[in-house]
Amino acid sequence: MSLATIATLAMVVGLGSGCSISPAAERSVPTGVDVSQPTGTSPTATSRELEAFDQGPIFHILAGEFYGREKNYDQAAMHYAEVAKNSNDAAVLERAIQAAIFADRFDLAQELGERLRGLAPGNARAAAVMMISSLELGETEQADRALNQWLESDSGNVEKIFNETGQYLQKSLERERAVAYTHHLAERFPQQYEAQVVVAKLALSFGEMTLAREAASRAMSLRPDETMAYDLAMVIANRDGDVQQAIRVLEKAHNRFPDQGRYASGLIEARLAAGENESALALLERTLQIRPNDPELLRNVSLFAFRLDRPDLAEQALARLERLPGQSDVVHLIRGRVALQEADLAAAESALSRVSARSEHYANAQVLLAGARVDQGEPDAARRGLETALLSEEIDEADQQQLMLALASTLAQSGRFEESLDIADQAIDAWPDASDFRLQKAMTLFALDESGSAISVLRELIERDPEHAPALNALGYTLADEDRSLDEAEDLIGRALHIDPDNPAYLDSLGWLKYRQGDVQAALKALRSAYRSAPNAEIGAHLGEVLWVDGQRDAALGVWQESLKLDADDTTLLDTLRQYAPELVPADGQP
């Protein structure tokens with residue numbers, strides 16, 4: 001039996017069997033490098049049984065697997081290395097490299113990768129190992145050579161190689177080194193489209209906006225007929241809040257790809273955001289003149305026309321949309337939404353009630369109706385409508401979940417908290433993995449001043465769904481607002497922002513956290529960004545308080561007065577005003 005066969009058999013029952021994943025195993029590494037833990041149900045050996053073996057290759061392989069099972073990855077790596085250093089078998093070397101990476105022994109992984117490359121000069125896995133090991137060891141020139149060899153050995157997968165390199169830099173390498181190597185890649189491959197796209201993505205994720213813009217611009221120049229670079233450039237411009245840059249990019253994209261409706265609608269929306277209503281209207285009219293049959297474009301155009309107070313053009317777009325197969329329900333939905341914006345509940349009822357229960361838009365229509373009824377002071381009508389919708393035999397499970405969530409929320413908004421909790425618990429029992437019901441339950445518990453129970457629900461939700469950004473933010477904000485566990489709060493809010501960097505609610509939480517930490521300038525930066533993106537009374541209350549504490553009292557009063565116009569009943573705003581500017585509290589806002 002060969003050493004490779006023995007190693008393979010040991011892998012079936014060996015390294016990591018029955019163990020939790022080690023920090024090294026959680027790394028996001030290029031797929032050219034295998035760091036997965038084989039699973040198994042039987043132990044490899046005991047220390048006593050190992051003693052019965054001569055300390056030859058078989059002993060070291062079995063010892064490596066034994067120590068891996070015991071989570072002693074350093075010893076596992078050393079035993080496998082003993083075999084690999086004297087072996088010409090690629091399978092043994094690859095297993096030893098795997099063990100070295102588990103142990104964070106990148107010097108050893110590099111040494112073994114060099115040996116594997118010597119045995120098989122074109123081995124892509126060896127090159128990938130050499131690259132990531134060199135990056136971990138801070139050896140940039142060696143990493144460059146390894147990346148070149150990886151590209152040469154797998155020349156048909158250039159895009160894949162750069163994407164995997166980007167994933168490793170973003171998720172696994174220490175941030176400072178990752179940022180430095182991202183800049184290095186941009187300079188090293190100025191004419192490589194795939195490299196510049198990855199650099200733009202990485203720079204965006206790292207907040208290196210100048211580099212992100214430059215890389216996206218290079219990518220557009222290198223391949224002007226590829227949409228990816230234009231899309232990246234638009235995301236970067238939006239992240240920067242640079243509407244004019246977004247318009248410039250969208251104009252280029254629209255001219256290059258006139259048949260891509262998303263660029264036309266994106267350009268109209270950007271011009272509206274910039275206050276360029278006349279040019280937005282002109283483009284909208286030109287778009288309708290070409291009689292588009294793109295449903296998404298027609299939907300967007302109709303909404304933009306309503307924003308421009310041109311119901312004639314909106315109806316033109318909707319009439320054309322309604323003639324397309326399967327679009328009548330979305331037309332009713334749009335008309336209902338517009339009627340709600342105009343506070344015409346009767347028209348909204350008429351339009352939304354025409355959305356078929358068989359339609360994918362049915363639940364949305366019913367939820368909109370319920371919200372409108374609550375706003376009109378008719379919570380009982382909202383509840384009855386949702387309960388009736390839930391009785392339909394034509395809705396699917398996703399609709400059931402959406403309608404039950406809306407029912408729980410409606411009950412909570414109308415002060416029927418216990419009933420809301422009952423609905424949430426029923427849904428959790430029916431769909432244990434539907435995280436939004438746990439979030440709704442937590443919010444209801446907060447409304448009942450049961451903060452401890454709410455926090456427990458949020459922790460359970462996050463344990464089940466670690467990437468649930470709203471839950472991460474809710475818990476982080478709560479801890480910051482209660483001025484405790486601020487380090488944990490910072491971690492939670494940071495994770496939420498990593499998932500959704502531009503979310504105004506998460507930026508508000510970050511600003512409030514920074515305020516609690518005493519970093520007023522960082523707080524103002526985050527809160528201003530949040531308020532600019534989504535001006536609402538609660539964010540305004542926070543921004544005003546930080547301005548007030550910073551001595552900018554006139555600015556604080558201005559923000560609070562503006563926030564009162566947005567929502568004079570917001571409890572956070574009223575509580576803030578009672579503390580700092582009681583003269584601004586409306587007469588009916590007094591306790």
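The values are calculated or read from the model by the stated rules, or taken from the named source; none is laboratory data. Predicted model only: the values in this text are computed from it and were never measured. A quick note on method: Cβ atoms are made from the backbone with ideal geometry, for glycine too, and the neighbour counts reach across all protein chains shown. Note: areas computed on protein heavy atoms with side chains; ligands, DNA, RNA excluded. Shrake-Rupley method; radii C 1.70, N 1.55, O 1.52, S 1.80 Å.
Modelled this way, with points 7 Å down the Cα-to-C-beta line, the labels at GLU226 and LYS71 are 4.4 nm from one another. Peptides 521-527, 279-285 ranked from most to least packed, by the mean per-residue count of other Cβ atoms within 10 Å: 521-527, 279-285.
Applying 1/(1 + (r/R0)^6) with r as the Cβ-Cβ distance of GLU285 and ASP242 and R0 = 25 angstrom yields a FRET efficiency of 0.40. Computed over neighbours whose Cβ is under 10 Å from that of ALA186, the net charge equals -1, Lys and Arg +1, Asp and Glu -1. Computing FRET efficiency as 1/(1 + (r/R0)^6) for ARG358 and ASP500, where r is the C-beta to C-beta distance and R0 is 30 Å, gives about 0.40. Heavy-atom accessible surface of the stretch 179-317, averaged per residue, reaches 47 Å², computed with a 1.4 Å probe.
Carbon-plus-sulfur accessible fraction, the stretch 134-211 (probe radius 1.4 Å, protein heavy atoms only): 42%.
Report, to the nearest whole %, how much of the accessible area of the stretch 467-591 belongs to carbon and sulfur atoms, 1.4 Å probe, protein only. The computed percentage sits at 47.
Accessible area per residue was computed with a 1.4 Å probe on protein heavy atoms; LYS71 scores about 110 Å². Residues MET131, MET78, MET234 ordered from highest to lowest accessible area at a 1.4 Å probe: MET78, MET234, MET131.
Cross-link partners of LYS85 among aspartates and glutamates, defined as those whose alpha carbon lies under 15 angstrom from its own and excluding same-chain residues fewer than eight positions apart: GLU94, ASP107, GLU111, GLU114.
Quick one: if the Förster radius is 35 Å, what FRET efficiency do ALA430 and ASP569 give, using the C-beta to C-beta distance and rounding to 0.05? Efficiency at R0 = 35 Å is approximately 0.50. For LYS160, the lysines whose Cα comes closer than 21 Å to its Cα, not counting residues fewer than 8 places off in the same chain, are LYS171, LYS201.
For the stretch 285-422, which whole percent of the accessible surface, found with a 1.4 angstrom probe, sits on carbon and sulfur atoms? Ligands and nucleic acids excluded, carbon and sulfur give 44 percent. Rounded, prolate or oblate: which one fits the stretch 257-353, using the alpha carbon gyration tensor with axes a ≥ b ≥ c (rounded when a/c is under 1.5, else prolate when a/b beats b/c, else oblate)? It is oblate, given that a/c is not under 1.5 and a/b is not larger than b/c.
Electrostatic tally near SER451: other residues with Cβ closer than 10 Å to its Cβ, Lys and Arg +1, Asp and Glu -1, net -4. Modelled spin labels at PHE257 and GLN327, positioned 7 Å past Cα toward Cβ, are 2.0 nm from each other. Taking a ≥ b ≥ c as the square roots of the Cα gyration tensor eigenvalues, with a/c under 1.5 meaning rounded and otherwise prolate when a/b beats b/c, else oblate, which class fits the stretch 437-490? Because a/c hits 1.5 or more and a/b fails to exceed b/c, the stretch 437-490 counts as oblate. Of the residues SER563, SER392, ranked by 1.4 Å probe accessible area with the largest first, the sequence reads SER392, SER563. Peptides 270-276, 313-319 ordered by packing proxy, namely the average of other Cβ atoms within 10 Å per residue, highest first: 313-319, 270-276.
Using the Stokes-Einstein relation with a Kirkwood hydrodynamic radius computed over Cα pairs, the translational diffusion coefficient of the stretch 343-425 at 37 °C and a viscosity of 0.692 mPa s comes to 259 µm²/s. List the residues of the stretch 236-256 whose backbone N lies under 19 Å from a point placed 7 Å from the Cα of ALA273 along the Cα-to-Cβ direction. Taking a point 7 Å out along Cα→Cβ of ALA273, the residues of the stretch 236-256 whose backbone N falls under 19 Å are 236-255. Taking other residues whose beta carbon is less than 14 angstrom from the beta carbon of VAL330, and scoring Lys, Arg as +1 and Asp, Glu as -1, yields +2. Given axes a ≥ b ≥ c from the Cα gyration tensor, I'd like to know whether the stretch 304-389 is rounded (a/c under 1.5), prolate (a/b larger than b/c) or oblate. Judged from the Cα gyration tensor, the stretch 304-389 comes out oblate (a/c at least 1.5, b/c at or above a/b). The residues of the stretch 374-450 expose on average 52 square angstrom of accessible surface per residue, using a 1.4 Å probe on protein heavy atoms.
Across the stretch 207-215, coupling constants 3J(HN,Hα) worked out from phi with the 6.51/-1.76/1.60 Karplus curve, θ = phi - 60°, read x, 8, 5, 4, 4, 4, 4, 5, 5 Hz, and Gly and Pro carry x. Note on VAL520 and MET209: the model spin-label points, each 7 Å out from Cα along the C-beta direction, lie 2.4 nm apart. Under 26 Å of direct C-alpha separation, and excluding same-chain neighbours fewer than eight residues apart, LYS565 reaches these lysines: LYS525.
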